[in-house]
Amino acid sequence: MAVAAELSPSSHTKSTRLSSSQLSLCSTHLSYLHRRALRPVARPRNATISCSVNQIQAPIAVQPEDPKGKSDCYGIFCLTYDLKAEEETKSWKKLINVAVSGAAGMISNHLLFKLASGEVFGPDQPIALKLLGSERSFQALEGVAMELEDSLFPLLREVKIGIDPYEVFEDAKWALLIGAKPRGPGMERAGLLDINGQIFAEQGKALNAVASRNVKVLVVGNPCNTNALICLKNAPNIPAKNFHALTRLDENRAKCQLALKAGVFYDKVSNMTIWGNHSTTQVPDFLNAKINGLPVKEVIKDHKWLEEEFTEKVQKRGGVLIQKWGRSSAASTAVSIVDAIKSLITPTPEGDWFSSGVYTNGNPYGIAQDIVFSMPCRSKGDGDYELVKDIIFDDYLLKRIAKSEAELLAEKRCVAHLTGDGVAFCDLPEDTMLPGEM
Ligand SMILES: NC(=O)C1=CN([C@@H]2O[C@H](COP(=O)(O)OP(=O)(O)OC[C@H]3O[C@@H](n4cnc5c(N)ncnc54)[C@H](OP(=O)(O)O)[C@@H]3O)[C@@H](O)[C@H]2O)C=CC1
Ligand SMILES: O=C([O-])CC(=O)C(=O)O
């Protein structure tokens, strides 16, 4: 009995599906297939595969040779399979596409394996990883894909690597935008805003054109708030509410410092808001945060420490780490990306909240409209969020928030040419820095 599947030239990602019986027939004879997931015959593009009980065509990993091929599925992930064909997959949810840019970078090197393991979306959620790189990083991206292959993650059903966001973001349900040019010596922040802004404008357009209409976008690449603003402005068909700038790392850093000072384990710290920009003007809010359910100021009586040392420690944590490590936070950033996603796909515990850089239109705090600002959010676990209403403010907090707001408004003026707001005019305050800059 023979099975044949004809593959068309355009079939490089949406591969021809074999029936369950055909698949299991093929797969029983392929010793290289691991047992946890049904992974039948590998095939080159534009090829006919045939397999039979007695004769199996040797699998050939696809190695792209032309630039177009660079966006193809990768190696073992070019195999077709039927999720219904195996007992253990019966309770699995529908496959989701998760796109990651800067996929060959340091943060991604930690993050991708968490995504693929099921740690983020759960043990019943198969995923397809769509990895965006560049000509510069393409070989490294292949290395990443090879490591993903070798990890034998049952839930990882597809990997695609590519350099064209219009291909890589197709049908993405999540887009984790990590890739960005790091600020080099002597580079003006305005220059960084412009270079990275171009990247996020292009990626916003690509998301707008090809991603799922309800894609959730998490911008990590710095300066992440303004990059997120640029991205959402270039994606008018996707709700602005779906765009986030990562400030969860700052929240985690703040919780850790408060726990350390109070002598408690960090799970006792809750209601931690980071307000504003992911920069040294960010405001870790100790007025509304709680330790063991009590206001922080009742537990930590040293208010001078809170206002000065604590605040600065959180604002500059990234820079201190770079001095020690010689590179910026990657593992803890990946962990905080996981936290940020989980906060949107699981209901927020009663009475608590989390921080995320989100679009300010309609915010109840009087923060300027039309910027991306970190604020306290709650989620029902459906991927969406609402802003927390019962927040208290004092003069200290308001003054600090105003400073971060002014900085973001200045950043916005700098990138007006990328947001459709006219001619850019850059008058950034002198102390505008990323957490990693000292
Ligand atoms: N929001 C937050 O809390 C944090 C944000 N960050 C930010 O995350 C981003 C990624 O960090 P990390 O993974 O450690 O960085 P890496 O330098 O390890 O990787 C960054 C990736 O960005 C891509 N990139 C895009 N454009 C350029 C360019 N013009 N020049 C050079 N590289 C470029 C590169 O991939 P390719 O060539 O494939 O495009 C590279 O692999 C940085 O912007 C960093 O500042 C870091 C920590 C915390
Ligand atoms: O500045 C950087 O690249 C690193 C960063 O954002 C952080 O550590 O918070």
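The values are calculated or read from the model by the stated rules, or taken from the named source; none is laboratory data. Worth saying up front: this structure is predicted, and the values here are computed from it rather than measured. Note: ideal-geometry Cβ built from the backbone for every residue, glycine included; neighbour counts use all protein chains shown. Accessible surface is based on the protein model in full, side chains and every heavy atom, while ligands, DNA and RNA are left aside. Shrake-Rupley method; radii C 1.70, N 1.55, O 1.52, S 1.80 Å.
For this structure, a couple of remarks:
- A228 being under 26 Å from G319 (Cβ atoms) and small (G, A, S): yes
- Of the residues V120, V144, the single one that is among the β-branched types (V, I, T) and part of a loop (DSSP other than H, G, I, E, B) is V120.
- Verdict on E188 being touching a residue at least 40 places away in the same chain (Cβ under 8 Å) and either among the basic types (K, R) or over 26 Å from K342 (Cα atoms) (or both): no
- Residue match in region 203-211 (condition: open to solvent by less than 10 Å² (accessible area, probe 1.4 Å), under 20 Å from A330 (Cβ atoms) and assigned to a helix (DSSP H, G or I)): no
- Taken together, the residues in region 92-117 that are in a loop (DSSP other than H, G, I, E, B), within 13 Å of the chain's Cα centre (by Cα) and more than 16 Å from ligand 2 (Cβ to nearest atom) amount to 1.
- Qualifying position, being closer than 20 Å to N242 by Cα, within 15 Å of ligand 1 (Cβ to nearest atom) and open to solvent by less than 70 Å² (accessible area, probe 1.4 Å), among S379, S336: S336
- The single residue among H244, H278 that is out of contact with any Cys (no Cβ under 8 Å at 6 or more places or on another chain), on the phi < 0 side of the Ramachandran plot and in contact (Cβ under 8 Å) with a residue 40 or more places away in the chain turns out to be H244.
- Contact annotation: residue pairs with Cβ atoms under 6 Å, 6 or more positions apart or on different chains, pairing a residue in region 354-365 that is closer than 20 Å to S336 by Cα with a partner that is open to solvent by less than 10 Å² (accessible area, probe 1.4 Å) and part of a loop (DSSP other than H, G, I, E, B), are S355/T247; G357/T247.
- Unique residue being within 15 Å of ligand 2 (Cβ to nearest atom) and under 29 Å from G102 (Cβ atoms) when the list is V338, V320: V320
- Put simply, of N222, N252, N227 the only residue that is open to solvent by 10 Å² or more (accessible area, probe 1.4 Å) and either away from ligand 1 (no atom under 16 Å from the Cβ) or part of a helix (DSSP H, G or I) (or both) is N252.
- Among the criteria (1) within 22 Å of V215 (Cα to Cα); (2) away from ligand 1 (no atom under 16 Å from the Cβ); (3) hydrophobic (A, V, I, L, M, F, W, C), the one L418 does not fulfil is (2).
- Pairs with Cβ under 7 Å, 6+ apart, first in region 104-116 and under 15 Å from P182 (Cα atoms), second more than 14 Å from ligand 2 (Cβ to nearest atom) and in a helix (DSSP H, G or I): A104/A140; A104/L141; A104/V144
- For region 363-417, the set of residues classified as among the aromatic types (F, W, Y), assigned to a helix (DSSP H, G or I) and under 26 Å from the mean Cα position of the chain (by Cα) is empty.
- Check on A235, closer than 19 Å to A416 by Cα, more than 9 Å from ligand 1 (Cβ to nearest atom) and either part of a loop (DSSP other than H, G, I, E, B) or more than 14 Å from the chain's Cα centre (by Cα) (or both): yes
- Contacts under 8 angstrom Cβ, first residue in region 368-388 being more than 24 Å from K403 (Cα to Cα), partner loosely packed, with under 14 Cβ neighbours inside 10 Å and modelled with pLDDT under 95, 6 or more apart: none
- Condition check for G162: within 12 Å of ligand 1 (Cβ to nearest atom), farther than 21 Å from T281 by Cα and modelled with pLDDT of 95 or more: yes
- Answer residue from region 258-280, given it is open to solvent by 10 Å² or more (accessible area, probe 1.4 Å) and out of contact with any strand residue (DSSP E or B) (no Cβ under 7 Å at 6 or more places or on another chain) and is nearest to N227 (Cα to Cα) among those: T280
- A single member of L306, L344 is farther than 20 Å from G381 by Cβ, away from ligand 1 (no atom under 13 Å from the Cβ), of a type outside the set (V, I, T) and open to solvent by less than 20 Å² (accessible area, probe 1.4 Å), and it is L306.
- In the condition set (1) under 21 Å from the mean Cα position of the chain (by Cα); (2) within 16 Å of ligand 2 (Cβ to nearest atom), S343 is compliant with all but (2).
- Filter pass, K241 being within 13 Å of G357 (Cβ to Cβ), over 13 Å from the mean Cα position of the chain (by Cα), charged (D, E, K, R) and open to solvent by 10 Å² or more (accessible area, probe 1.4 Å): yes
- K297 vs. criteria in a helix (DSSP H, G or I), within 30 Å of K241 (Cβ to Cβ), away from ligand 2 (no atom under 16 Å from the Cβ) and open to solvent by 10 Å² or more (accessible area, probe 1.4 Å): no
- Considering region 177-198, and only residues there that are within 15 Å of ligand 2 (Cβ to nearest atom) and outside any loop (DSSP other than H, G, I, E, B), the residue that is most open to solvent (accessible area, probe 1.4 Å) turns out to be I195.
- Complete set of residues in region 121-143 that are under 16 Å from I178 (Cβ atoms) and surrounded by fewer than 20 Cβ atoms within 10 Å (Cβ to Cβ): S134, R136, A140
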